[in-house]
């Protein structure tokens, strides 16, 4: 009896499986026939027309290539915008695990432009790193700012990155003792929740500090400046990935909450003006900075990408004509190497000067006009590892900021999905089902570790160069490989003005 029942059960299951297979196979054949007819009759895609059905795999492989090339095909040092070696250092430092390597470097020292640091013959016997010291920003303000960390979190707007990402950055910044820049999207409750020092960025659309007509609101400036966590105000003129264009946030990312913070309609594309309409000249820029500083009492500067050396010279001459008190308290110098959530490829690829060219231009102008000690220089643009930050200090930077470095610390895998709502790590998406993968407490700890290890290893380089504080690195402490294969010092490559002390 039991055997007959089992036999009947097996027959039923077998029949169902066979029927299911036949139905599925038939459906597959019908689908292939439909795709075949559709492909050979359409006129838009030559590959599909010439290779019906099979040609469709091209799009699958093209899409999946973004995800798999970094694991199977790319060498450690060949990827862009960041290679595996750079990302791995950030990941390991964020997890606070051993970042030492063995056998020898995989970095080639032959290509022109390669940076090499000049070690001292007699380094200090004590320790293997040197600590940074507080540096004052805004000596003429009612409330100067004295940050300790050289390395800080660059501008990332709430909306461009997710709520858990902002929370993790804010909490991690508080633990690390660094600042976090709000980005042009305005000050959100999540920036404040972690308790970190905040740089409030004012973009061309004035999100967060605009009146009903979209103009700068003095009342809202006063309201935000009254928040103790807000330490500085940054007027954004341009950013590295899209100089001359405003920020872009797709409408699908503009939720009710984001719309309320920014003061814009929900669900509509958030596109900022190409520049501040009221700022037509260097004089207008200095007037606006002075106005914001008078109202807030806090250090005020601006962010820019240089296109040539004319702007820096014109700015310095205008400041000296007015008096040094009128100077911006800091300049955040972004680079053509900079990143963004969304920008035209023509601008990302071709517009603006890279930091290796613009940083010496700006520093030389400030030195030439005796403004270097008055105006702090904050370098930005692909500064995700200690060597890059130390190089920037050699050329005249006082601080460095990074956005994508801290995104890697949060778990970014460089999936290149930032301009969509499909970031697989939950960092640049407002999709709750994807955001759940980003655990705030865990990622905040990684943000802290990354910042601490960055400051420490910049100090390691400074110690090996024989200086007692990282900002004492100068142009003779680093060399760059030339077309001849020989290296020359940055001091020789980027000659200081005659009046430099």
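The values are calculated or read from the model by the stated rules, or taken from the named source; none is laboratory data. All of these numbers come straight from a predicted model, not from anything done at the bench. Backbone-built Cβ (ideal geometry, glycine too); neighbour counts: all protein chains shown.
A few comments on the model shown:
- Being surrounded by fewer than 20 Cβ atoms within 10 Å (Cβ to Cβ), at pLDDT 75 or above and farther than 30 Å from residue 326 by Cβ holds for only one residue in 250, 273, 265, and it is 265.
- Any hit, segment 371-383, residues being at pLDDT below 90 and either assigned to a loop (DSSP other than H, G, I, E, B) or not assigned by TED's automatic domain parsing to the domain that holds residue 172 (or both): yes
- Scanning segment 182-204 for residues that are assigned to a loop (DSSP other than H, G, I, E, B) and either surrounded by fewer than 24 Cβ atoms within 10 Å (Cβ to Cβ) or on the phi > 0 side of the Ramachandran plot (or both) turns up 183, 186, 187, 188, 194, 195, 204.
- The numbered conditions (1) modelled with pLDDT of 95 or more; (2) assigned to a loop (DSSP other than H, G, I, E, B); (3) closer than 18 Å to residue 379 by Cα are all true for residue 141 except (3).
- Qualifying residue in segment 397-415 (condition: surrounded by 24 or more Cβ atoms within 10 Å (Cβ to Cβ) and more than 20 Å from residue 183 (Cβ to Cβ)): yes
- Residues that are assigned to a loop (DSSP other than H, G, I, E, B), under 20 Å from residue 404 (Cβ atoms) and at pLDDT 95 or above within segment 155-181 comprise just one, 178.
- Contact annotation: no residue pair with Cβ atoms under 8 Å, 6 or more positions apart or on different chains, pairs a residue in segment 483-501 that is at positive phi and surrounded by 12 or more Cβ atoms within 10 Å (Cβ to Cβ) with a partner that is outside any loop (DSSP other than H, G, I, E, B) and at pLDDT 90 or above.
- Any hit, segment 433-455, residues being more than 27 Å from residue 171 (Cα to Cα) and either modelled with pLDDT under 95 or in contact with a helix residue (DSSP H, G or I) (Cβ under 8 Å, 6 or more places away or on another chain) (or both): no
- Of 353, 347, 359, all but one fail to be outside any loop (DSSP other than H, G, I, E, B), at pLDDT 75 or above, closer than 21 Å to residue 236 by Cα and in the same structural domain as residue 253 (by TED's automatic domain parsing); the exception is 359.
- Flag for residue 283 being at pLDDT below 95 and either surrounded by fewer than 16 Cβ atoms within 10 Å (Cβ to Cβ) or in contact with a helix residue (DSSP H, G or I) (Cβ under 7 Å, 6 or more places away or on another chain) (or both): no
- The single condition among (1) in contact with a helix residue (DSSP H, G or I) (Cβ under 9 Å, 6 or more places away or on another chain); (2) within 24 Å of residue 406 (Cα to Cα) that residue 354 does not satisfy is (1).
- Checked across segment 458-473, the condition of being in a loop (DSSP other than H, G, I, E, B), under 23 Å from residue 109 (Cα atoms) and free of Cβ contacts under 8 Å to residues at least 60 places away in the same chain holds for no residue.
- Enumeration of residues in segment 294-314 that are over 26 Å from the mean Cα position of the chain (by Cα) and either closer than 29 Å to residue 227 by Cβ or free of Cβ contacts under 8 Å to residues at least 24 places away in the same chain (or both): 294, 295, 296, 297, 310
- Evaluation of residue 212 against (1) out of contact with any strand residue (DSSP E or B) (no Cβ under 9 Å at 6 or more places or on another chain); (2) buried (at least 24 other Cβ atoms within 10 Å of the Cβ); (3) closer than 21 Å to residue 277 by Cβ (one fails), failing number: (2)
- Elements of type helices (runs of 4 or more DSSP H) contained in segment 223-329, each with 3 or more residues being more than 30 Å from residue 435 (Cα to Cα): 282-296, 310-322
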